1. Conditions first: (1) of a type in the set (A, V, I, L, M); (2) at pLDDT 95 or above; (3) out of contact with any Lys or Arg (no Cβ under 9 Å at 6 or more places or on another chain). Met25 passes all but one, so which condition is the exception?
2. Of the conditions (1) without any contact (Cβ under 8 Å) to a residue 60 or more places away in the chain; (2) within 18 Å of His66 (Cα to Cα); (3) among the β-branched types (Val, Ile, Thr), Ile19 fails just one. Which one is it?
3. Among the residues that make up region 28-35, is at least one of them crowded, with 18+ Cβ neighbours inside 10 Å and of a type in the set (Ser, Thr, Tyr)?
4. Residue by residue through region 1-16, note down the ones that are surrounded by 11 or more Cβ atoms within 10 Å (Cβ to Cβ) and in a helix (DSSP H, G or I).
5. Contact list please: Cβ distance under 6 Å, first residue in region 34-52 and within 16 Å of Arg70 (Cβ to Cβ), second residue loosely packed, with under 15 Cβ neighbours inside 10 Å, pairs at least six apart or on different chains.
6. Mind checking whether some residue in region 20-40 is polar (S, T, N, Q) and under 22 Å from Asn112 (Cα atoms)?
7. What do you reckon, is His22 assigned to a loop (DSSP other than H, G, I, E, B) and under 15 Å from Leu111 (Cβ atoms)?
8. Only one of Arg45, Arg91 is in a helix (DSSP H, G or I), charged (D, E, K, R) and either surrounded by fewer than 17 Cβ atoms within 10 Å (Cβ to Cβ) or at pLDDT 90 or above (or both). Can you tell me which?
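The values are calculated or read from the model by the stated rules, or taken from the named source; none is laboratory data. Since the structure is predicted, the reported quantities are computational estimates derived from the model, not experimental observations. Quick reminder, even Gly has a Cβ in these numbers, built from the backbone with ideal geometry, and neighbours come from all protein chains shown.
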Amino acid sequence: MPLTRTQIQQLVRLHGQEILCHEHMQIERVCYQHGVVTTFAHSIRVACLAVWIADRLHLWHRVDLHSLIRAALLHDYFLYDWHAHDGGRHRMHGFTHGGTAMRNAVRDFHLN
């Protein structure tokens, strides 16, 4: 039986609790990623989608669910509003935000 949306959301909250409650994630609540979607909401959606895909493809025996959810939550952990005028400092955001997210994540969390 496939996981329900509620079960998926519960798994994301359970395995992502440390990240979701971190003070720096509060920055993502006020930075917009896509249109009217905050980076925080976008990251949660990506985590839920990753769990949904793992469930639908029956990958439970191959997936470290804890790491999958944490990675999905941190994939855009760049901690700035790239839309804000900043004198061009973030003009290459599309090419550099992944590295910035990784550096921030390694700084703030224990990762495998």
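1. (2)
2. Evaluating Ile19 over (1) without any contact (Cβ under 8 Å) to a residue 60 or more places away in the chain; (2) within 18 Å of His66 (Cα to Cα); (3) among the β-branched types (Val, Ile, Thr) leaves (1) as the failure.
3. No, every residue in region 28-35 fails to be crowded, with 18+ Cβ neighbours inside 10 Å and of a type in the set (Ser, Thr, Tyr).
4. If the condition is that a residue be surrounded by 11 or more Cβ atoms within 10 Å (Cβ to Cβ) and in a helix (DSSP H, G or I), then Gln7, Ile8, Gln9, Gln10, Leu11, Val12, Arg13, Leu14, His15, Gly16 are the ones that fit.
5. Sorted first by the residue in region 34-52, then by its partner, the pairs are Phe40/Arg29.
6. No - not one qualifying residue is present in region 20-40.
7. In short, yes.
8. Arg45
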